Every structure is written in C-alpha cells, then in structure tokens.
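This report concerns only the one structure given below.
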Amino acid sequence: MADLAARLAEIVGPTHLLTGDAISADYGHDEALTIPPQQPAYLAKPATAEEVAALLAVATEHRVPVTARGSGCGLSGAAQPVADGLLISFERMNAVLEIDVDNHVAVVQPGVTLTELDVRTAEVGLSYTVYPGELSSSVGGNVGTNAGGMRAVRCGVTRHNVLGLQAVLPTGEIIRTGGKMSKISTGYDLTQLIIGSEGTLALATEVTVKLVPRPAHGVTVLAPFGDFDQIMAAVPKIISSGLNPTIVEYIDNVVMAAIVSAENLELGIPEAVRESCQAYLVVALENNHTDRLDADAETLGGLLSDWGALDAYVLQGNSARRLIEARENVFWTAKAIGADDIVDVVVPRASMPEFLRQARDIAAARGAAMSGCGHAGDGNVHGVLFCKDSQIRTKVLTEIFALGMRLGGAISGEHGVGRAKAKYFCDLEDPAKLALLRRIKDSFDPAGILNPGVVFA
Ligand SMILES: Cc1cc2nc3c(=O)[nH]c(=O)nc-3n(C[C@H](O)[C@H](O)[C@H](O)COP(=O)(O)OP(=O)(O)OC[C@H]3O[C@@H](n4cnc5c(N)ncnc54)[C@H](O)[C@@H]3O)c2cc1C
C-alpha cells in the first residue's frame, strides 16, 4: 500500500495525494439518501489529463478500483468511492479553457462548476443551458450522470449540449471525441457512449459544450389546479402552443406547502385557492423583448384558465427567482422533513397521470407514501418516498420502477443508476441489453477498475 501511495504521489505531487485519515469525510459520499458513506484508501487530485492517464494506468496495473468525483452532489451514490480504492477528484481541473463566441462553444475542464460557467458565459452574452438543480455540480459530473434539470423541456439534457470530450481510458490512453461542431458521422458516437456512463467507461478531462445567446428577460407563471389530471392534460397543450417555454414543472400541494414554509415564500395565493388546489404548474418563458414576453405571459395565463387552472399568477424578478430556487431545493427540503428516498422515474409525458396514480397506490398499499414534483414537460417524476422500513421500501421501489418501465419509461431520467439503483436496474432491465452493456464495459475497461458496483450490481 505504501508503494502504491508513493507511485500515485509521484504522479500528482505529494500534496495532492491523500491517504487514510487525511481524507476528509466529505469525500466518502455523494448526496444519495440510502448509500452509507465509504472512505477511499487514496484520494488523488490531478491537474492534467496526463496525470489522470498515469493514475489510471497504475490503477489498472494494480487492479485498484477507481471512482471519479466532481462536486459530489449526485443523488445515486455513483461518486461514492470503494474501500481500498482510489478516488480521483477533479477539483483542481477547474479552468474554463476557452469561450469561442463565433462557434458558440465553451471548452472546459471537468471540475468547472455550473455557477462558474454561468458567470463566464454571461460576460459574453451567452449561456450553457443545462441547469440541474444543484449549480455547484461540475461539468464532469454532469457528463457522468447525463444531468438534466428544469430547462430540459426546451434545451435538452447534457447529452444534447456536449459536442465533444477529451477522455482517459482505464488503460491510460487519452482520446478525443467529437469537437466544436454540431454534427459528425464517422463511426460510433463515443461522446454519447461516455455521457451518462457514471464514471464506468472513461474519465472526461475536457468537455466541449454548446452555448446559446442568453435571453434578456424572463417571467414565471404559477398556476394552481384543483385536479392533477388537468395539469397533465395542459402540459402537451402548452408545449404545442408556440410559446416555447423554458420550464414546465409540476409541484404537488404537499411539496409546495413544504417549500413555502422552508423557504419562507410569499406567493400571494389566497387561502381558499390553496385549499382547493391539488398541484401547481410552473411555466417559465423567456424573450429578448419585454413587450412580447408580457404578451406571451398574458396569453399563457388565459390558456391555463381555459384548461382548468384555478388562477394564474405572473411572477417576475425576485419572486420568480425565489420560486425556481425553492423548486431546485426540493431535495434539501425533502431530506429535512425525513424523506427516506427519492425516485426520478421517467415515463412518456402522457403517461405521467397513470404513473403517479398507480405509484401512490403501490406506496399506500404497503403503508408508505409518495409525494413530489417533477419535470412535467419531459415526463420526469421526482417522487419523495416516505417509508422507514428498508425491506418494505425495496418492495415499493421495485414495483414503482417496474410500473415506470411497463409504461414505456426508465427507472431514472437524470440522476443515474449509480449504486442506489444498480440492483433494480439489473433485475428489471432486458437481459440481452444488460449483456451488451457489460460487453461494452469490458471493452473499455478490461480490468474492471472503473466504478465497480455502479450501474451493474
Ligand atoms: C439539491 C439537488 C438538486 C438536484 N437536481 C437535479 C436535477 O434537477 N437534475 C439532475 O440531473 N440532477 C440533479 N441533481 C443531481 C446532481 O446535481 C447531478 O447528478 C450532477 O450531475 C452531479 O454533479 P457532480 O459534479 O456533483 O458529480 P458527482 O456526484 O461528483 O459525480 C457524478 C457521477 O459522475 C462521475 N464523474 C465525475 N466526474 C467525472 C469525469 N470527469 N468523467 C467521468 N465521470 C465523472 C462520478 O464518478 C459519478 O458517477 C440534484 C442534486 C441536488 C443535491
């Protein structure tokens, strides 16, 4: 172990290789609610792709399990290290290498956080549109999980916004995929294969992302509905209305009451409306022209009322921002009120009401409860599960995941399989597909060092 530590320290420099108790407890977990923390044997903080390559070559030689870590705010346990393993933290590889205004791309190191990228792109009137709830997350971590977030309904998820990668294979080879162009037709798409692979195939050491012009003005419309099915019926109509919303979220009344209290929100909704409301729809619009934005907001308000909303409140400036932030913080609120797990099942948008009805019944039948919110525009339910007994919880989750798949969906829309869902994934997924995934994994990582226990149980 001392020999191996010495070799790793030689690669990154002694101050950037930590072992044993010198590794702070923070590195032993991400934000998954159900995965117990685990400290790694080694923590390396490389500064270059070459250092990452050398670390992986040594790890392959010694068959040491390796886990990559961005900001550690993933929700599926995929950044949690393995005992006796090496954790590679990308915190020192945090430079925005280039913002190419003519090509509308940025080239960044994986440890750059979304907050940093937002500040840098704002300086030139551009924007990177992937906003998963936690802006301290890193671009490399987003690549790992194929992060989504509220804007996916209009702007897509990470895989729609990453054009190319520099990546290090477990053998220590450095490859480049894609580039600063939006199309390529030369063989298999390795960029897309690596995105969403949760650190199990290759480690990204440089990411080329797509930028878009930053809209000047925004407005958020909050619409309470007395009937959840009416919300879901309104969603496809909003999307085909031509208003081109950037956000279409639902928040059920239980979660709304929790975030209003946790975040001290004042939304100006009369008590009578709150009491007869089953869930809320949150729709954000953006435009460079305030007059057009105002007109669109008015049109949207009118349409929402026609489609059954009890009312429609147009929020601007601070109140709009605070509502969106509160929605982003639902995970922290759920954790604070004792949620036992969260799910992010995705189903075809039109199947959401059916999924939610049956999922609630599944939970209730076993004495559990499911509440939540979600990305209504893209069928991604963020369910908060209350069920203390872990054996019952496993049964409830198995049934809920199976239901999502029966309805044509998947057990995760954006948080990933990680460690938390690996067993469910392997139990429920088509065996032929799983076998192919394993063969792909083996061809990238013949020694099986990258993130064992993640994706595959
Ligand atoms: C409050 C809150 C709200 C959230 N809301 C959303 C949401 O709306 N949508 C959403 O998608 N997610 C959401 N998340 C989850 C989280 O933001 C994402 O999973 C994010 O991608 C994690 O980024 P990270 O840098 O923290 O990655 P980590 O947690 O450090 O790592 C995530 C995965 O990526 C791998 N990885 C890290 N760096 C690299 C690299 N350089 N190359 C290859 N693999 C790598 C890790 O091994 C791991 O498998 C939320 C999390 C929180 C805490």
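The values are calculated or read from the model by the stated rules, or taken from the named source; none is laboratory data. In this text, all values refer to a predicted model and were calculated from it rather than measured experimentally. Here the Cβ is made from the backbone with ideal geometry for all residues, glycine too, and neighbour counts use every protein chain on show. Just the protein is used for accessible areas: all its heavy atoms, side chains included, with ligands, DNA and RNA removed. Shrake-Rupley method; radii C 1.70, N 1.55, O 1.52, S 1.80 Å.
Things to note:
- If R0 equals 60 Å, the separation of the Cβ atoms of Thr171 and Ala272 corresponds to a calculated FRET efficiency of about 0.40.
- FRET efficiency for Ser241 and Thr15, using Cβ-Cβ distance with R0 set to 60 Å, rounded to 0.05: 0.60
- A crude spin-label estimate for the pair Glu61 and Asn288, with each label 7 Å from Cα along the Cβ direction, gives 5.5 nm.
- For Val105, residues with placed amide H under 5 Å, excluding near neighbours: Asp100, Leu211
- The simple Förster model, with R0 at 41 Å and r as the Cβ-Cβ distance, assigns Arg357 and Ser24 a FRET efficiency of 0.40.
- Packing-based ranking of 397-403, 183-189, 194-200 yields 194-200, 397-403, 183-189, ordered from highest to lowest mean Cβ neighbour count within 10 Å.
- A 1.4 Å probe run over the protein chains yields, for the chain, 41 Å² of accessible area per residue, whole-number rounding.
- Extension reserve of the Ala336-Lys180 stretch, reckoned as 0.36 nm per residue once the Cα distance is removed: 51.9 nm
- Once the Cα atoms are used to define both axes, helix 253-263 deviates from the longest principal axis of the chain by about 70 degrees.
- Degrees separating the helix 317-328 axis from the principal Cα axis of the chain, which is the longest one: 60 degrees
- Projected label distance in nm at Gln391 and Asp118, using a 7 Å step from Cα toward the beta-carbon: 4.5 nm
- Highest mean packing comes first when the peptides 252-262, 436-446, 144-154 are listed by Cβ atoms within 10 Å, giving 144-154, 252-262, 436-446.
- Here the accessible area of the stretch 45-142 is 49 percent carbon and sulfur, with a 1.4 angstrom probe and all protein chains present.
- Acute angle (nearest 10 degrees) that the helix 290-306 long axis makes with the longest principal axis of the chain, alpha-carbon atoms: 70 degrees
- Spacing of the two label points (7 Å from each Cα toward its C-beta) at Thr398 and Glu263, in nm: 3.7 nm
- For Arg151, distant residues with modelled amide H under 5 Å away: Tyr131
- Extension gain for Asp100-Ala6 works out to 29.8 nm (0.36 nm per residue, less the C-alpha to C-alpha distance).
- Percent accessible area from carbon and sulfur atoms, the stretch 390-457, protein chains only, probe 1.4 Å: 58 percent
- 222 nm mean residue ellipticity, helices alone, for the chain (DSSP H n ≥ 4; -39,500 (n - 2.57); rounded to 500): -11000 deg cm²/dmol
- For the listed peptides 353-359, 220-226, a ranking on the average number of other beta carbons within 10 Å per residue, highest first, reads 220-226, 353-359.
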